[in-house]
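Just so it is clear, none of the values below were taken in a lab; they were calculated from the coordinates. Owing to the predicted nature of the structure, the values given are computational and were not obtained by experimental measurement. Heads up, the Cβs are rebuilt from the backbone with ideal geometry, glycines too, and the neighbour counts pull from every protein chain shown.
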Amino acid sequence: MTNALFVVSEEGYWGEECIEPLVTLEEAGVEITVATPSGSPPVVDEQSVDPDTVGEEIAERVQEYDANDERLANPEPVATVTADDYDIVVFPGGHGTMWDVNTDQHARQLLADAVAGEEGFALVVCHAVGLLGFTHTAEGEYLVRGRQVTGFPNEWEDGIIDDHHVMDNGRKLPYLVEDEVIAAGGQWDAELDSDTSVTVDGDLLTARGPESSSAAAERLLEAVGLEHTA
């Protein structure tokens, strides 16, 4: 059976970016494990369950899984899992990833190992794409160097942060995803003229944001040779 590891933020994951791929993979028969940086349950970004922001259907779907899914309630610490045990490693986004997952040593190693060999795939979504700005290969090169990627663009942050990169909730973004990925050598294109943006570069898949979550999950199933059966 194909299995997948979801590495989810304790600082605020974006609901749709986690639950949409999780449900799609589950419906295709993929066995799923969840991990967080410390092993504590992930925390959903409140905006991502606000019906006025994401719509009632998505809000209800995310709230149901966040409240009742045993895998989310009992995650593994990222330091105790290894990419070799999984066919797929998924990194859902959300601003919260910028304070925990993206700079976590063990999360970086999971991503590097997931795409190191001839087998295995990684899907990195939205703000979690910032992880690529901190991840190196075994040879010391940036993993993203020369790879085609998409992710949450600077242009979209303009309406979220002020001139000092501070959000409305008072938290300051420590970096911008697009800047870090480009600085690490990534070939960035967030396809701002498209409704969705999913980029496949070999065993690395990246997605721009919530609206691309479903398409990203479907592309991931194609990559591993599975069909969405629901």
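Under the combined filter of DSSP loop state and at most 13 neighbouring Cβ atoms within 10 Å, region 106-198 retains these trypsin sites (Lys or Arg not before Pro): Arg145.
Here the simple spin-label model places points 7 Å from the Cα toward Cβ, and for Glu141 and Gln63 these points are separated by 4.8 nm.
Place a point 7 Å from the Cα of Thr2 along the Cα-to-Cβ direction; which residues of region 99-132 have their backbone N under 15 Å from it? Taking a point 7 Å out along Cα→Cβ of Thr2, the residues of region 99-132 whose backbone N falls under 15 Å are 119-124. Think of the chain as having a plus end and a minus end, set by charges on the Cβ of Lys, Arg, Asp and Glu; of Leu221, Leu5, Gln47, Leu5 sits farthest toward the positive end of this dipole. Which one, (i) 39, 23, 12; (ii) 37, 19, 17; (iii) 22, 22, 17, gives semi-axes √(5λ) of the Cα gyration tensor in Å as derived from the coordinates shown? It is the one labelled (iii).
Pop the C-beta distance of Ala116 and Asp193 into the FRET formula with R0 = 35 Å and round what comes out to the nearest 0.05. Display every interim value, and only then the final one.
Working: r = 34 Å, r/R0 = 0.96.
Efficiency for this residue pair is about 0.55.
The distance linking region 141-162 with region 87-120 is 16 Å (Cα centroid to Cα centroid, whole angstrom).
This model, with +1 at the C-beta of Lys and Arg and -1 at the C-beta of Asp and Glu, gives region 4-46 a dipole about its Cα centre of some 200 debye.
Considering only Pro77, Pro174, Pro42, the mean-square fluctuation computed in a Gaussian network model of the chain, springs between alpha carbons under 10 angstrom, is largest for Pro174. The spacing between region 172-230 and region 43-80, judged by their C-alpha centroids, is 20 Å. Using C-alpha pairs below 8 Å separated by at least 6 residues, the relative contact order for region 43-150 is 21 percent.
Which GluC sites (Glu not before Pro) in region 22-119 sit in a loop by DSSP (not H, G, I, E or B) and have at most 16 other Cβ atoms within 10 Å of their own Cβ?
Glu118, Glu119
Where both partners of a DSSP beta bridge lie in the chain, what percent of those bridges are antiparallel, to the nearest 5?
Bridges in the chain are about 25 percent antiparallel.
Under 1.5 on a/c is rounded, so check that first for region 1-88, then, if it is not, pick prolate when a/b is larger than b/c and oblate when it is not; a ≥ b ≥ c are the square roots of the alpha carbon gyration tensor eigenvalues. Verdict is oblate for region 1-88. Estimated from helices alone, the mean residue ellipticity of the chain at 222 nm is -8000 deg cm²/dmol (sum of -39500 (n - 2.57) over DSSP H runs with n ≥ 4, per residue). In region 132-214, a dipole from Cβ-located charges (positive for Lys and Arg, negative for Asp and Glu) runs towards its positive end, and of Val177, Thr137, His165 it is Thr137 whose Cα lies farthest in that direction.
Structural descriptor for the chain: relative contact order 22 percent, calculated from alpha carbon pairs under 8 angstrom and at least 6 residues apart. Remark: region 3-224 carries a charge dipole of roughly 700 debye about the Cα centre, counting +1 on each Lys and Arg Cβ and -1 on each Asp and Glu Cβ.
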